[in-house]
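Below: one structure, written as structure tokens.
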Amino acid sequence: MYSPNPDIARLASLIGVRARAAMLLALLDGSALPATELACRGGASPQAASAHLRKLAEGGLLAVTVSGRQRRYRLAGREVAHAIEALLSAAPPPRVTALTQSLAMERLRTARTCYDHLAGRLGVAVTDALVNRRALRPSGGEFHVTACGERFFEDLGIDVPALRRGRRALARACTDWTERRPHLAGSLGRALHDRFFANTWITRGASDRSVRLTARGERALEHVLGVKAWTTSSMSR
């Protein structure tokens, strides 16, 4: 039967295989990984992983770059990342059966990247601090950058007027799937994410998309944003 709506059933069939879902989640930090690494993340044999990756690429969920003999895969774009993040918010929580699983979940909940912006307790804390200091003002599903906010971001080396001229939404409110509250996304979210890394306020996790707040980052959060004693326990809600 003809339908004018996009074919979400086909999209769901691509994601609805555990190995493929695991591969997509492994790329949710915006990285590009080879098939061997994604096979490991998805718990699949190299042959099965190649078939899964081919289907995901043909379905428009993955982009492929070739360097010599190696193919590297990444999410096809921000829209794919947003869709996966939305599904994470709607999905039931996993049943914890091992200490390593519990520790991994806590790392992701504490601080992580959501494609190209900050998420978890850290992302929500930073967004709340920006709202409290009136740099951002919530407005529906996005944030309005105030005049004092432009000056604040300029001091951080972020050119808000230049970001406004881009095609991407400036300051989108992205619902955090662990905290169930909004964190900052959009081009401004990416610029802030990049500034945190450039200033070594955060470092990447070794095995997943978690990030670790450095001692320098803790001092910066208190000095720049007024967020004091940022710890796992103090940020629990």
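The values are calculated or read from the model by the stated rules, or taken from the named source; none is laboratory data. As the structure is a computational prediction, the values presented were derived from the model and not from experiment. Cβ coordinates were reconstructed from backbone atoms using ideal geometry, including for glycine residues, and neighbour counts include every protein chain displayed.
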Here are some residues: 111, 90, 76. Which one is out of contact with any His (no Cβ under 9 Å at 6 or more places or on another chain), without any contact (Cβ under 8 Å) to a residue 12 or more places away in the chain and not polar (S, T, N, Q)? 90
By residue number, the members of region 183-224 that are under 14 Å from the mean Cα position of the chain (by Cα), among the charged types (D, E, K, R) and more than 17 Å from residue 154 (Cα to Cα) are 204, 208, 209
Please verify whether residue 18 is basic (Lys, Arg), crowded, with 16+ Cβ neighbours inside 10 Å and either under 25 Å from residue 174 (Cα atoms) or not assigned by TED's automatic domain parsing to the domain that holds residue 181 (or both), treating the condition exactly as stated. no
Selection from region 191-216 of residues surrounded by 21 or more Cβ atoms within 10 Å (Cβ to Cβ), over 18 Å from residue 103 (Cβ atoms) and not hydrophobic (A, V, I, L, M, F, W, C) yields 193
For region 7-25, check the following and say yes or no: at least one residue is at pLDDT below 85, farther than 17 Å from residue 209 by Cα, out of contact with any Phe, Trp or Tyr (no Cβ under 9 Å at 6 or more places or on another chain) and not aliphatic (A, V, I, L, M). yes
Considering region 90-140, residues that are of a type in the set (S, T, N, Q) and surrounded by fewer than 13 Cβ atoms within 10 Å (Cβ to Cβ), and then whichever is farthest from residue 33 (Cα to Cα), we arrive at 132
Take the residues in region 114-162 that are aromatic (Phe, Trp, Tyr) and free of Cβ contacts under 8 Å to residues at least 40 places away in the same chain; name whichever of them is farthest from residue 193 (Cα to Cα). 152
When both residues are 6+ apart or on different chains and their Cβ atoms are under 9 Å apart, which pairs have a first residue that lies in region 24-51 and is within 21 Å of residue 78 (Cα to Cα), and a second that is assigned to a helix (DSSP H, G or I) and acidic (Asp, Glu)? 26/37; 28/85
Just for region 41-73: of the residues that are touching a helix residue (DSSP H, G or I) at 6+ places or on another chain (Cβ under 9 Å) and assigned to a strand (DSSP E or B), which one is farthest from residue 6 (Cα to Cα)? 70
Looking only at region 162-182, and only at residues there that are among the small types (Gly, Ala, Ser) and either crowded, with 22+ Cβ neighbours inside 10 Å or under 13 Å from the mean Cα position of the chain (by Cα) (or both), the one that is nearest to residue 92 (Cα to Cα): 173
Criterion first (modelled with pLDDT of 95 or more and among the β-branched types (Val, Ile, Thr)) does residue 178 satisfy it? no
Please go through region 93-126 and pick out each residue that is among the aliphatic types (A, V, I, L, M) and out of contact with any Asp or Glu (no Cβ under 6 Å at 6 or more places or on another chain). 96, 98, 99, 103, 104, 105, 108, 111, 118, 122, 125, 126
Check region 4-23 and report whether any residue there is under 28 Å from residue 194 (Cα atoms) and hydroxyl-bearing (Ser, Thr, Tyr). no
